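Taking it in order: structure first as structure tokens, then the write-up.
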Amino acid sequence: SQKIEQNSEALNIQEGKTATLTCNYTNYSPAYLQWYRQDPGRGPVFLLLIRENEKEKRKERLKVTFDTTLKQSLFHITASQPADSATYLCALVDAGNNRKLIWGLGTSLAVNP
Amino acid sequence: DGGITQSPKYLFRKEGQNVTLSCEQNLNHDAMYWYRQDPGQGLRLIYYSQIVNDFQKGDIAEGYSVSREKKESFPLTVTSAQKNPTAFYLCASSPWAGGGDTQYFGPGTRLTVL
């Protein structure tokens, strides 16, 4: 069966450390993968997109990697701050299904001061 | 929230009543989407539209209806046929109708059916 999975448990880290969030998928052919941030009671906000032929993408303190062999994307926030506390969603674009966007359930991140 | 507005932010309705949620965008995007978000279930696609006067069912369309008479507007009606309508509803748009594009979300409407 097709699945997209993110860490189900909340991630708690200390301010200044690097947060690493995982997105794994099975039985999809992703054209690319997107990461969004969602704050409580608000809509998701797009952060980064990485294509299947790209290994790594960076934007300020954010870095995304994409390993199509492992079927995994990692999302890193370096020098984390309490303001980074939110839920982070990954979404893959399924090339085999009319480029439909498939959403993970999200991982909650708490950065403690 | 990137040029997409949803109203109202909170909505209360009695069981058995139809209710319409508003979604407007001024981004000149071709595609628009409606999602439902429940705790522990992630985003589930209700309906989407790639062009004016056309729309397709998503994964959980039963009990919902939409229209796309204008490019900027994509209202969602939650009908009395929807078994469990209490949820957080999110509208999104994307520039390209070809699918898979970055989506821009509105602030959401939290619907509670009493």
Just checking, which of A:54, A:5 is among the charged types (D, E, K, R) and in contact with a Cys (Cβ under 9 Å, 6 or more places away or on another chain)? A:5
From the set of residues in region B:77-92 that are at pLDDT 95 or above and over 12 Å from residue B:13 (Cβ atoms), which is farthest from the other protein chains (Cβ to nearest Cβ)? B:87
Restricting attention to region A:33-87, the residues that are crowded, with 18+ Cβ neighbours inside 10 Å and acidic (Asp, Glu) number exactly 1
Would region B:50-59 turn up any residue that is more than 26 Å from residue A:89 (Cα to Cα), in contact with a strand residue (DSSP E or B) (Cβ under 9 Å, 6 or more places away or on another chain) and more than 14 Å from chain A (Cβ to nearest Cβ)? yes
Set B:6, B:25: member being surrounded by 15 or more Cβ atoms within 10 Å (Cβ to Cβ), within 20 Å of residue A:40 (Cα to Cα) and in contact (Cβ under 8 Å) with a residue 60 or more places away in the chain: B:6
Just checking, how many residues over region A:16-61 are acidic (Asp, Glu) and within 13 Å of chain B (Cβ to nearest Cβ)? 2
Can you find, within region A:40-77, the residue that is nearest to residue A:108 (Cα to Cα) among those that are within 14 Å of the chain's Cα centre (by Cα) and polar (S, T, N, Q)? A:73
When the residues of region B:30-49 are filtered to those that are among the small types (Gly, Ala, Ser) and surrounded by 12 or more Cβ atoms within 10 Å (Cβ to Cβ), which remaining residue is nearest to the other protein chains (Cβ to nearest Cβ)? B:42
Of all residues in region B:79-110, which are over 24 Å from residue B:26 (Cα atoms) and touching a Leu at 6+ places or on another chain (Cβ under 8 Å)? B:85, B:86, B:87
Complete set of residues in region A:18-32 that are surrounded by fewer than 18 Cβ atoms within 10 Å (Cβ to Cβ) and either under 30 Å from residue B:6 (Cβ atoms) or among the basic types (Lys, Arg) (or both): A:31
Is it the case that region A:1-9 has a residue that's touching a helix residue (DSSP H, G or I) at 6+ places or on another chain (Cβ under 9 Å), crowded, with 18+ Cβ neighbours inside 10 Å and within 14 Å of chain B (Cβ to nearest Cβ)? no
Against the definition (under 22 Å from residue B:105 (Cβ atoms), at pLDDT below 90 and either more than 13 Å from the chain's Cα centre (by Cα) or facing chain B (nearest Cβ under 8 Å) (or both)), how does residue A:101 come out, yes or no? yes
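The values are calculated or read from the model by the stated rules, or taken from the named source; none is laboratory data. Nothing here was measured: the structure is a model prediction, and the numbers come from that model. Positions of Cβ are backbone-derived with ideal geometry, glycine not excepted, and every protein chain shown enters the neighbour counts.
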